[in-house]
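The numbers here are math on the coordinates, done by the rules we state, and not lab data. Because the structure is a prediction, the values reported are computed rather than measured. Heads up, the Cβs are rebuilt from the backbone with ideal geometry, glycines too, and the neighbour counts pull from every protein chain shown.
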Amino acid sequence: MKSHLNVNFFTEFIRKEVLTDLRLEDLKYWISRFGFYDLIRPVGKDSYGNLSFRAEPGKNEFVITATKEDFHDEKLTPTRFVKVVHCDINNNKVRVHGLENPSRDTFLHYLIYKNRPDINAVFHGHCDRLDCEPGLNFVTTEKEQPWGSVELAREVEKVLGKENFIIMRNHGFLALGKNIDDAGKTTLRAYQKCFQ
């Protein structure tokens with residue numbers, strides 16, 4: 001087993017393998033929709049945003065996009081997805097199956113799955129209109145925290161409750177769903193409120 005520092009945590013590769021989960025096609029569809037609606041912010045060759053789904057009911061294991069993901073359809077091969085099988089927040093360690101480091105927001109996704117057994121997909125994107133549009137009344141985290149940090153994950157945990165759409169102060173949004181399509185539709189419903 002090999003470990004690799006992913007800036008915010010160490011990744012331990014339990015299995016170096018390409019994932020074969022059929023739900024990857026559903027996730028790729030919503031990644032393309034996020035691109036269409038400009039909900040994933042490009043940064044050079046990379047993108048800000050990450051999407052995941054729970055691997056099995058009742059477990060906190062999940063499949064998430066790799067860190068520094070380039071969300072262009074032709075590059076979204078199965079190698080760009082990682083299965084997170086264990087998170088140790090106290091010691092900043094993550095254990096995975098896959099070939100790449102998981103998203104830097106892995107702890108954020110982990111705490112949502114841990115606290116919300118009803119949630120099976122978590123989408124994180126960026127949209128200036130959602131962040132700034134007055135009168136939308138979305139639940140918002142109290143404090144701004146560095147992206148990818150445990151502190152940001154804890155801020156979300158404070159307001160999580162039964163909310164399915166959350167604005168992270170100065171760091172985009174989270175859409176939660178009972179499945180992949182539900183998380184995508186939750187995102188689009190929130191986005192459409194910006195134009196009503």
Open item on the list: When a/c reaches 1.5 or more, the comparison of a/b and b/c decides; with that in mind, is the chain rounded, prolate or oblate per its Cα gyration tensor?
Closed with: prolate
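For CYS127, CYS87, what ranking results if the residue with the fewest other Cβ atoms within 10 Å of its Cβ goes first?
Numbers: CYS127 22, CYS87 25.
If I rank by nearby Cβ atoms, fewest first, I get CYS127, CYS87.
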Task: Rounded to 5, percent antiparallel among DSSP beta bridges of the chain - done: 80 percent
TODO: Calculate, for LYS193 and ILE14, the FRET efficiency according to 1/(1 + (r/R0)^6) with r their C-beta to C-beta distance and R0 35 Å; round to the nearest 0.05.
DONE: 0.25
Open item on the list: Net charge around THR141, counting only other residues with Cβ within less than 9 Å of its Cβ (Lys, Arg = +1; Asp, Glu = -1)?
Closed with: 0
- [ ] Can you tell me the FRET efficiency between ASP26 and THR79 if r is taken as the Cβ-Cβ distance and R0 is 30 Å, rounded to the nearest 0.05?
- [x] 0.95
Open item on the list: 7 Å from Cα along Cα→Cβ at both VAL159 and TYR37: what's the point-to-point distance in nm?
Closed with: 1.9 nm
TODO: Taking the Cβ of ARG23 as the centre, find all other residues whose Cβ is under 14 Å away and add up their charges (Lys, Arg: +1; Asp, Glu: -1).
DONE: -3
- [ ] Any chance you could run the full-extension gain for ARG169 through ASP88? It's 0.36 nm times the residue separation minus the Cα-Cα distance, nm to one decimal.
- [x] 26.7 nm
- [ ] Run the quick spin-label model on VAL139 and ASP182: label points 7 Å from Cα toward the beta carbon, then report their separation in nm to one decimal.
- [x] 1.5 nm
